[in-house]
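J.: Quick one: the structure is below, and I'll ask about it shortly.
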Amino acid sequence: MAILDDVLKGGSFPLVGLGIVALAVPYFIPAMRPQFAAVLKSGAKLFLEAELGADDAIVDRYVGAAIDALFQATAHGTEEERKAKAESLVNRFVSRAQAGARRRGWDEQDAERRYRRRLAKLDHALERARHRAKPGQHAALVHASDTLTRHRSKAKPSGAPPAVAQRQAPAQPVPKSNKPTSERRKA
């Protein structure tokens, strides 16, 4: 265990050397390739599970903070003020969810999945929060849920690049002439 601590404390140079050795061993010893592949797959699975678990924990904290802020913001004021505060807080959560999903997503599809998952968690938390809300807060929480539903139903723009979209567009018909080719050239 002390060796591992020394390697991790030493900076990036020992880690780079360890990575080079790990990549070179299967090249020089072909019999170790299947074991190396299994170790790489296991490491990738562990990394992805840890990364997704950390992302879920972060989202749970964001959702909890958003629900707490909704309860505090909708505790006082008229019904219209409560609805306006609730809508503002939901819009703030949505913008943070979009930014966080883009920042942590591996690609556009993964970012979209993360964004949808965050909105679904807030929606579920809003459903649970309605049951413990005071009567004056209930309408504001319903409005917050409706605002979130509007954000969830927004259509995502097509991910196809413009060149692909142009290739898929139908070609415009070329007007045909009954004149022979030689006469069309003269005109």
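Values in this text are rule-based calculations from the coordinates and carry no lab data. These numbers were taken from a predicted model, which means no experiment stands behind them. Here Cβ is always computed from backbone atoms with ideal geometry, including for glycine, and neighbour counts include all displayed protein chains.
J.: Can you give the extra length, in nm with one decimal, that the chain gains between ALA75 and HIS131 once fully stretched, where that is 0.36 nm per residue apart less the Cα-Cα distance?
T.: Here the segment from ALA75 to HIS131 would lengthen by 18.7 nm.
J.: Picking from ALA24, GLY43, LEU70, whose Cα lies most toward the positive end of the charge dipole for the stretch 15-111 (charges on Cβ: Lys, Arg +1; Asp, Glu -1)?
T.: ALA24
J.: Order 21-30, 135-144 from most to least packed using the mean count of other Cβ atoms within 10 Å. The partial results should precede the final answer.
T.: Working: 21-30: 10.7, 135-144: 18.9.
With the highest mean Cβ count within 10 Å placed first, the list reads 135-144, 21-30.
J.: Let me ask another. Would you mind calculating the gained length between THR149 and ALA84 on full extension (0.36 nm times residue separation, minus the Cα-Cα distance), in nm to one decimal?
T.: Once the chain is fully extended between THR149 and ALA84, it gains 21.8 nm.
J.: Where a ≥ b ≥ c are the square roots of the eigenvalues of the C-alpha gyration tensor, would you call the stretch 51-153 rounded, which needs a/c under 1.5, or, failing that, prolate if a/b is larger than b/c, or oblate?
T.: Prolate is the answer for the stretch 51-153, as a/c is 1.5 or above and a/b outweighs b/c.
J.: Could you give me the ³J(HN,Hα) list for the stretch 53-67, computed from phi with Karplus coefficients 6.51, -1.76, 1.60 and θ = phi - 60°, whole Hz, x at Gly and Pro?
T.: x, 5, 5, 5, 5, 5, 5, 4, 5, 4, 5, x, 5, 5, 5
J.: Treat each spin label as a single point 7 Å out from the Cα along the C-beta direction, and report the GLN35 to ASP123 distance in nm.
T.: Between GLN35 and ASP123, the label points sit 4.9 nm apart.
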